[in-house]
Amino acid sequence: MRGGKFLRTVLRIIIILVIILIISIYQNYQQENEPLKGPETQTLKENQESDIKQSMETTPGERPTSGLSIWIGKSKNKLMDNFGEPIRVEPSSYGYDWWVYPISSSQYIQFGVENNKVVTLYTIGNEVDVSPYRLGQSLEDIYRFTIVDAEVIVNDDSGSYQFELSEEDLNTRLLVSLGEIYAQLYLDKFTGKLTSIRFLDKQTLVKLHPYEMMYRGELEEEIEPTEEEWDNVNQAREKQIFDISNVIRHDFEKPVLEWDEETSMVAKGHSLEMFELDYFSHESPNLGSLADRLEMEEVPFKVAGENIASEYIDAPEAVHGWLNSEGHRKILLEEKFTHLGVGVYRRYYTQNFIEKLKDPE
């Protein structure tokens with residue numbers, strides 16, 4: 001009899017210890033996935049082995065007469081007259097400044113302004129006019145009325161440029177000619193819908209060369225930003241990633257995240273270290289896992305998740321890459337998370353998500 005009571009007591013103790021262990025694991029639970037590298041954007045000069053297949057420019061569609069794309073080529077003064085002062089003016093690494101208008105969780109726009117005119121823009125949100133398209137539109141519908149080609153030819157005074165779209169590009173980020181401008185259509189391959197769009201003039205498209213490109217002629221010399229300029233670009237990309245991530249979460253009816261500066265510092269440190277030590281992993285050779293890094297900086301959390309990426313040309317492209325990768329998407333849209341910290345160093349991008357521990361009352 002006594003033996004049975006003793007066994008029941010031992011069993012209760014074991015159950016309590018298991019519960020404590022589970023709670024302990026949960027308190028430090030972290031989500032990770034495979035690192036994500038950006039798409040191939042190799043640039044090749046034409047030679048005898050690799051000819052540009054046609055000299056004629058890709059047959060363009062008609063340039064829209066309404067919607068945001070009409071602002072490409074307009075002066076910054078007209079832009080300000082219509083939209084007012086931007087919330088932020090931030091540098092890019094491509095010579096233009098981003099005029100950022102995070103209007104609401106359903107309307108977010110970045111206008112790229114160079115030499116006093118709009119040369120590009122990026123927008124996301126279900127209340128923006130992106131004629132002739134519509135955000136939320138299906139890929140099937142887009143293919144029904146859009147001429148889509150895996151090879152897009154662009155001619156200007158400096159030469160001819162052929163952009164090669166991969167099979168992945170044709171399903172996730174199309175390039176379409178609309179008169180004298182171009183549109184990059186960012187698609188969600190899991191839902192088959194248009195999530196965001198970028199309009200740009202031909203000179204900016206060539207400068208960014210966001211796809212594999214072959215060219216005949218001369219490329220404009222790339223000017224490497226100074227260290228101070230890179231610092232400003234890094235900070236701009238961090239804010240843009242935060243804003244764009246929240247618009248996506250709103251579209252999927254997930255709670256909006258708050259910025260967390262301590263978590264951001266952890267993310268910044270990881271991006272910098274990956275650049276300096278030339279590695280690409282969630283596991284730091286010096287500081288360990290995400291949980292280790294957060295605990296080292298005394299960031300209290302119940303659940304944590306990390307997305308990292310490299311080689312993407314800018315913030316919108318990096319977020320779009322995460323959205324189209326199953327593991328990264330799961331973290332980006334995780335309902336439990338309450339706060340986000342972003343750290344960027346050049347072309348290394350880190351998102352650190354946490355569910356914060358509530359302060360004891």
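The values are calculated or read from the model by the stated rules, or taken from the named source; none is laboratory data. Everything quoted here is computed from the prediction, not taken from an experiment. In this analysis, Cβ positions are derived from the backbone assuming ideal geometry, glycine residues included, and neighbour counts consider all displayed protein chains. What goes into the accessible areas is simple: the full protein's heavy atoms, side chains included, and nothing from ligands, DNA or RNA. Shrake-Rupley method; radii C 1.70, N 1.55, O 1.52, S 1.80 Å.
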Inset, instruction - Quickly run through the range 190-220 and pick out the residues that are of a type in the set (S, T, N, Q), under 21 Å from the mean Cα position of the chain (by Cα) and open to solvent by 20 Å² or more (accessible area, probe 1.4 Å). - result: Thr191, Thr195
Legend entry - Residue under evaluation Glu273, criteria (1) among the acidic types (Asp, Glu); (2) open to solvent by less than 70 Å² (accessible area, probe 1.4 Å); (3) in a loop (DSSP other than H, G, I, E, B), criterion not met: (3)
Inset, instruction - For Ala304, indicate whether it is closer than 24 Å to Val233 by Cα, of a type in the set (Gly, Ala, Ser) and under 22 Å from the mean Cα position of the chain (by Cα). - result: no
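Checking the structure you have, find out if any residue of the range 117-139 is among the β-branched types (Val, Ile, Thr), assigned to a loop (DSSP other than H, G, I, E, B) and open to solvent by 10 Å² or more (accessible area, probe 1.4 Å). Before the answer, list the steps.
First, pick out the residues of the range 117-139 that are among the β-branched types (Val, Ile, Thr): 118-120, 123-124, 128, 130.
From the residues that got through so far, the ones that are assigned to a loop (DSSP other than H, G, I, E, B) too are 128, 130.
Within this subset, residues satisfying the condition of being open to solvent by 10 Å² or more (accessible area, probe 1.4 Å) are 128.
Yes - at least one qualifying residue is present in the range 117-139.
Considering the range 298-333 alone, what residues qualify as being touching a Gly at 6+ places or on another chain (Cβ under 6 Å) and open to solvent by 10 Å² or more (accessible area, probe 1.4 Å)? Lay out the reasoning, then the answer.
Our first condition is that a residue be touching a Gly at 6+ places or on another chain (Cβ under 6 Å); within the range 298-333, this holds for 309, 311-312, 331.
Across the range 298-333, the qualifying residues are Glu311, Tyr312.
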Inset, instruction - Have a look at Tyr133, Tyr122 and point out the one that is under 20 Å from the mean Cα position of the chain (by Cα) and either under 23 Å from Ala318 (Cα atoms) or modelled with pLDDT of 95 or more (or both). - result: Tyr122
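Let me confirm something: among Ser93, Ser24, Ser69, which residue is polar (S, T, N, Q), modelled with pLDDT of 95 or more, open to solvent by less than 90 Å² (accessible area, probe 1.4 Å) and outside any loop (DSSP other than H, G, I, E, B)?
Numbers: Ser93 fails: outside any loop (DSSP other than H, G, I, E, B); Ser24 fails: modelled with pLDDT of 95 or more.
Every option except Ser69 fails the conditions.
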Legend entry - Meets criteria (within 20 Å of Thr338 (Cβ to Cβ), in contact with a Lys or Arg (Cβ under 6 Å, 6 or more places away or on another chain) and either aliphatic (A, V, I, L, M) or not in a helix (DSSP H, G or I) (or both)) for Val299: no
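What tally of residues in the range 243-266 results from selecting those that are in contact with a helix residue (DSSP H, G or I) (Cβ under 8 Å, 6 or more places away or on another chain) and either in a helix (DSSP H, G or I) or among the small types (Gly, Ala, Ser) (or both)? Even if it seems obvious, please write down each step before you answer.
Keep residues of the range 243-266 that are in contact with a helix residue (DSSP H, G or I) (Cβ under 8 Å, 6 or more places away or on another chain), which gives 244-245, 248-249, 255-257, 259, 263-264, 266.
Subsequent filtering for residues that are either in a helix (DSSP H, G or I) or among the small types (Gly, Ala, Ser) (or both) retains 244-245, 248-249, 263-264, 266.
Number of matching residues: 7.
Listed residues Tyr312, Tyr279; which is part of a loop (DSSP other than H, G, I, E, B) and in contact with a Lys or Arg (Cβ under 7 Å, 6 or more places away or on another chain)? Walk me through it before giving the result.
Numbers: Tyr279 fails: in contact with a Lys or Arg (Cβ under 7 Å, 6 or more places away or on another chain).
Just a single option satisfies the conditions, and that option is Tyr312.
Return the only residue of Gln240, Gln235 being part of a helix (DSSP H, G or I), open to solvent by 10 Å² or more (accessible area, probe 1.4 Å), closer than 23 Å to Trp98 by Cα and polar (S, T, N, Q). Don't jump to the end; show me each part of the working.
Values: Gln240 fails: open to solvent by 10 Å² or more (accessible area, probe 1.4 Å).
Going through Gln240, Gln235 in turn, the sole match is Gln235.
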Inset, instruction - Check whether at least one residue in the range 219-234 is of a type in the set (A, V, I, L, M, F, W, C) and within 30 Å of Glu326 (Cα to Cα), and report yes or no. - result: yes
Legend entry - Subset tally (residues that are open to solvent by less than 10 Å² (accessible area, probe 1.4 Å) and in a loop (DSSP other than H, G, I, E, B)) for the range 170-189: 0
